[in-house]
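The structure appears right after this line, and notes come after that.
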Amino acid sequence: MPGGANDPYEVLGVPRDADADAIKRAYRTLALRNHPDRNPGDADAEERFKTISEAYATLRDPEARQRFDTYGHVGRGPVGAQPDFSHVDWRVIFQEADIPIDWSRRGGVPTTGNVVFDALFRGVTTMFRQAGLLPGEDREVRAGVDLGTARTGGRKRIHLPGPVTCSTCRGSGHDHEGSCATCGGTGRLARGISVDVTVPARVRPGTKLRLAGMGGPGQPPGDAYVEVAVELPTGFRSEGRDLVGEVYVTPLEASRGLSAIVLGVPVSVPPGVRDGQGVQVAGGGLGGDLVLTVRIDIWRGLARAALDTARSALTAIRRTVTDERKLP
Ligand SMILES: [Zn+2]
């Protein structure tokens, strides 16, 4: 139903038979009056600027204007559907109506020369961003990798939540054969995307891997950063490139000394070790060392010894199998 804020003619204050020039003049007058430079921090002006810009976007497009004249709304769906301005090229609109906006600020939001748009016009900024006029937002996700993968490097599948820039067409919406099949020509993937990231060998926990152009949609698209979280057994932690924790030994082992495997690394505990003494294995971390504190504790020491026995039995079985295969 025409009328009120949903009626673009009423919003711009022009008659139904106004020609393109009259509509543009009306829009320019109203847009400049509600421009951020003149209304710093005014949320109502922001909303007015957005409304009149959308009204103008409707009336300057012959097809959209025709649709409004016929059905009384600008949405493509049933009556009352939200109009979709996501494909409107706002840059062209502001240029042709001669609304001054400084687009040059890379990595930020447009400014009007001296006032940052974003602070004043969050709604407009969202509108710009959805229209692909602003640089896309950077994204950050965490990826948990096991210690083996962290040591040797490998692949890890992660999910980047949407919307993200379509990685097939890089946001352009088309490939060499026409409309991009992956995103259906929208240049974005609303549900996000699963990607395999390459984890480098001996990755430092907390490393952020950059996936260029796989962040939020925009022009240019943002980047995605994958923070590598190395999953360690309880009681162990990483400090930079070192791995830090405790090794439990029985009182007998403490007096005799022992060889143990901690986090997959052979560790030599010297005879006569005291509780709280440090044992360090150079190169046993992730590009750093394995730094252990010896704890003399009979029960935990026995539990560790049992695990060591099971592990070496398994290794012996594997070795036997391998040796038998070598037999003629
Ligand atoms: Zn695509």
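The values are calculated or read from the model by the stated rules, or taken from the named source; none is laboratory data. What you are looking at is a predicted structure, and each value in this text was computed from that prediction instead of being measured. Cβ coordinates were reconstructed from backbone atoms using ideal geometry, including for glycine residues, and neighbour counts include every protein chain displayed. The protein model used for the area step is the full one, side chains on, heavy atoms only, and it has no ligands, DNA or RNA in it. Shrake-Rupley method; radii C 1.70, N 1.55, O 1.52, S 1.80 Å.
Laid out as a table, the results:
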item: Estimated inter-spin distance, Arg311 and His176, nm [label 7 Å along Cα→Cβ]; result: 5.2 nm
item: Length released on extending from Thr168 to Arg256, taking residue separation times 0.36 nm less the Cα-Cα span; result: 25.5 nm
item: Accessible surface, the range 237-326, averaged per residue in Å² (probe 1.4 Å); result: 60 Å²
item: Stretch gain in nm, segment Arg318-Ala190, where the contour uses 0.36 nm per residue and the Cα spacing is subtracted; result: 41.2 nm
item: Packing-based order for 213-220, 199-206, 27-34, using average beta carbon neighbours within 10 Å, highest first; result: 213-220, 27-34, 199-206
item: Value of relative contact order over the range 237-326, rounded to a whole percent, pairs C-alpha under 8 Å and six or more apart; result: 32 percent
item: Full-extension gain in nm, Ala229 to Asp21, via 0.36 nm per residue minus C-alpha separation; result: 69.0 nm
item: FRET efficiency estimate (nearest 0.05) - Cβ-Cβ, Ala282 to Leu32, R0 45 angstrom; result: 0.05
item: Förster radius 45 Å - calculated FRET efficiency between Glu10 and Thr207, Cβ distance, rounded to 0.05; result: 0.20
item: Cα-projected label distance for Trp299 with Ala43, points at 7 Å along beta-carbon direction, nm; result: 5.9 nm
item: Spacing of the two label points (7 Å from each Cα toward its C-beta) at Glu246 and Val265, in nm; result: 1.9 nm
item: Alpha-carbon centroid distance for the pair the range 251-328 / the range 186-237, whole angstrom; result: 34 Å
